[in-house]
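The values are calculated or read from the model by the stated rules, or taken from the named source; none is laboratory data. Predicted model, so just to flag it, every value in this text is computed and none were measured. Because the Cβ atoms are built from the backbone with ideal geometry, glycine has one as well, and the counts that use them run over all protein chains shown. Quick note on the areas: whole protein, heavy atoms, side chains included, nothing else; ligands and nucleic acids left out. Shrake-Rupley method; radii C 1.70, N 1.55, O 1.52, S 1.80 Å.
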Amino acid sequence: MYFAALLARTEDGWEASDTELDDVETLSDLTDLAREASVDEDTVLVFIEQEDAWFGVVRVDGEDDPRIFVSDATAAARSSYGEILLTDELLGREPGAEDTIAALEELVGLDDPEDGDPDTTPDNNDTDTDDTDNDDTDNDNDDDGFDADAVPAGPLGDTRILADLGLPEAELLMLRTDAMVEIADALGAAEVLETVR
C-alpha cells in the first residue's frame, strides 16, 4: 500500500496535501507537481511511502534541482514509484552509459571474426550449440557492462535532505516504518499531515 503527500512550507508553517501519482512518470513530473504546490518558491517536500518496505523524500527549493533520499534503494527498485526516484544521477551512473557499452560490445563482437576466422568460428559455434546454458552466461557478461544498473541495498541519496528542517542525518537513517509520521513530527507538521492521511 502506498501513501504520497506534499508538504509546502509557508510563512505560517506547513501546508499538507495528498497527491495522486497516477500521472507521474518521471522525476521531472514529480518536481513540476511540487513546484505547483510551492508558495513563493519556498520548500516543498514530496513523501512517498510503501508500507513496511521503503519511503522516499524529494525536496524542491524553488528552481533548484530536486534533492532525493530513498530509505531502501533495493526495495524501491521493485516499485514503479521507486523507479521514478532512482535516477541515473542518484545511482551514480552516466545517462546513456548502457547504450555506449552496448555499442562498444557490438563493435568488439564485429571485430573478432576478422581477427581470426579459424579460431573464433568454432568458439562461436560452441556458444551457439550451448545456447540454453550460455544465454545466461552471455547475459551475465552483458550485465558486467551494466554493473552500474545494480541498485545498492540500504539508504541512497541526500542523507542531509531534512537536516536544516529539524531532522538530523542520523535520525533520518534510523527511520524504518511509519517514517512519514516521524518526519512530519520532527518538522512540526504532524497535525497538518494527519489531515491528509
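Values computed for the structure shown
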read-out	value
Residue match in the stretch 95-102 (condition: under 19 Å from Val151 (Cβ atoms), modelled with pLDDT under 85, within 14 Å of the chain's Cα centre (by Cα) and of a type outside the set (Gly, Ala, Ser))	yes
Scan of the stretch 35-85 for residues that are assigned to a loop (DSSP other than H, G, I, E, B) and open to solvent by less than 20 Å² (accessible area, probe 1.4 Å), ordered by number	Gly62, Ser71, Ser79
Scan of the stretch 1-33 for residues that are over 16 Å from Val192 (Cβ atoms) and of a type in the set (Gly, Ala, Ser), ordered by number	Ser28
Count of residues meeting criterion [at pLDDT below 85 and of a type in the set (S, T, N, Q)] in the stretch 138-168	2
Selection count where residues are open to solvent by 60 Å² or more (accessible area, probe 1.4 Å) and not in a loop (DSSP other than H, G, I, E, B), scope the stretch 1-15	3
Residue, farthest from Ala75 (Cα to Cα), within the stretch 16-32, restricted to residues that are buried (at least 16 other Cβ atoms within 10 Å of the Cβ) and not polar (S, T, N, Q)	Ala16
Glu89 being at pLDDT below 90, under 12 Å from the mean Cα position of the chain (by Cα) and open to solvent by 90 Å² or more (accessible area, probe 1.4 Å)	yes
Close pairs (8 angstrom Cβ cut-off, 6 or more residues apart or separate chains): in contact (Cβ under 8 Å) with a residue 40 or more places away in the chain in the stretch 20-41, surrounded by fewer than 17 Cβ atoms within 10 Å (Cβ to Cβ) and among the aliphatic types (A, V, I, L, M) anywhere	Leu30/Leu21
